[in-house]
Amino acid sequence: VGLANFAELLTADTVFWKAVANTALFTIVAIVAAVLGGLLLALCLFSGAPMAKLMRVVWFTPVLMSYVVVGIIWVWIYDYDWGLANAILRWLGLGAFEQSWLGDPRVALWSVMLTHVWKWLGFNMIIFLAALYALPAEVLGAAELDNCGWLAKLVYIIIPMLRPTIVN
């Protein structure tokens with residue numbers, strides 16, 4: 001009886017630490033991906049991408065959806081038999097990569113992370129767009145007068161001035 005309880009306790013302990021590791025991985029990867037993705041989207045829209053106003057609406061819409069709606073949409077995408085993800089893989093001739101996106105422990109966490117990032121990417125994009133439009137035009141204009149390229153302006157001027165927003 002004592003040995004059975006010990007084995008049960010050991011299994012429960014292992015499951016607990018696996019849950020802690022999954023939570024830590026989800027937290028770190030999802031936050032970094034959502035923040036970097038939002039920043040990249042905001043930079044694209046700030047630089048004057050075509051149809052920027054439409055893209056703002058398209059990327060911000062998931063933020064306005066309830067978790068129930070998002071869950072239903074992504075269950076339809078991830079369904080093994082008729083889901084969009086596997087249908088696209090079949091259409092591209094990559095049927096060997098079909099899988100149960102939410103049923104396979106190797107990819108389930110990553111699938112849920114993708115859904116989470118998709119839902120919150122637009123929120124981060126709007127925050128970064130507001131921060132970008134709040135940057136002093138004089139500084140950005142002076143950089144252009146000095147023939148500062150877009151990448152140099154991004155690395156040496158824009159990102160340092162956005163640091164408080166990024167950290168927040």
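The values are calculated or read from the model by the stated rules, or taken from the named source; none is laboratory data. It should be emphasised that the depicted structure is a prediction, and the values quoted were computed from it without experimental measurement. All Cβ positions, even for glycine, are placed from backbone atoms using ideal geometry, and neighbour counts span all protein chains on display. Heavy atoms of the whole protein, side chains included, go into the accessibility calculation; ligands, DNA and RNA do not. Shrake-Rupley method; radii C 1.70, N 1.55, O 1.52, S 1.80 Å.
Things worth noting here:
- Filter result for VAL63 (surrounded by 13 or more Cβ atoms within 10 Å (Cβ to Cβ) and part of a helix (DSSP H, G or I)): yes
- Restricting the first member to the range 53-70 and to residues that are free of Cβ contacts under 8 Å to residues at least 24 places away in the same chain, and the second to residues that are open to solvent by less than 90 Å² (accessible area, probe 1.4 Å) and in a helix (DSSP H, G or I), the beta-carbon pairs closer than 7 Å and six or more apart or on different chains are MET55/LEU45.
- Selection within the range 117-143: residues that are among the aliphatic types (A, V, I, L, M) and not in a helix (DSSP H, G or I). The member of this set that is most open to solvent (accessible area, probe 1.4 Å) is ALA134.
- Qualifying residue in the range 14-25 (condition: at pLDDT 95 or above, under 30 Å from LEU132 (Cα atoms) and either under 17 Å from the mean Cα position of the chain (by Cα) or open to solvent by 90 Å² or more (accessible area, probe 1.4 Å) (or both)): yes
- Tally of residues being within 22 Å of TRP120 (Cα to Cα) and either open to solvent by less than 80 Å² (accessible area, probe 1.4 Å) or not in a helix (DSSP H, G or I) (or both) across the range 80-107: 4
- Residues located in the range 144-159, provided they are exposed (fewer than 10 other Cβ atoms within 10 Å of the Cβ) and not hydrophobic (A, V, I, L, M, F, W, C): ASP146, ASN147
- Total residues in the range 75-93, condition among the hydrophobic types (A, V, I, L, M, F, W, C) and over 18 Å from TRP118 (Cα atoms): 6
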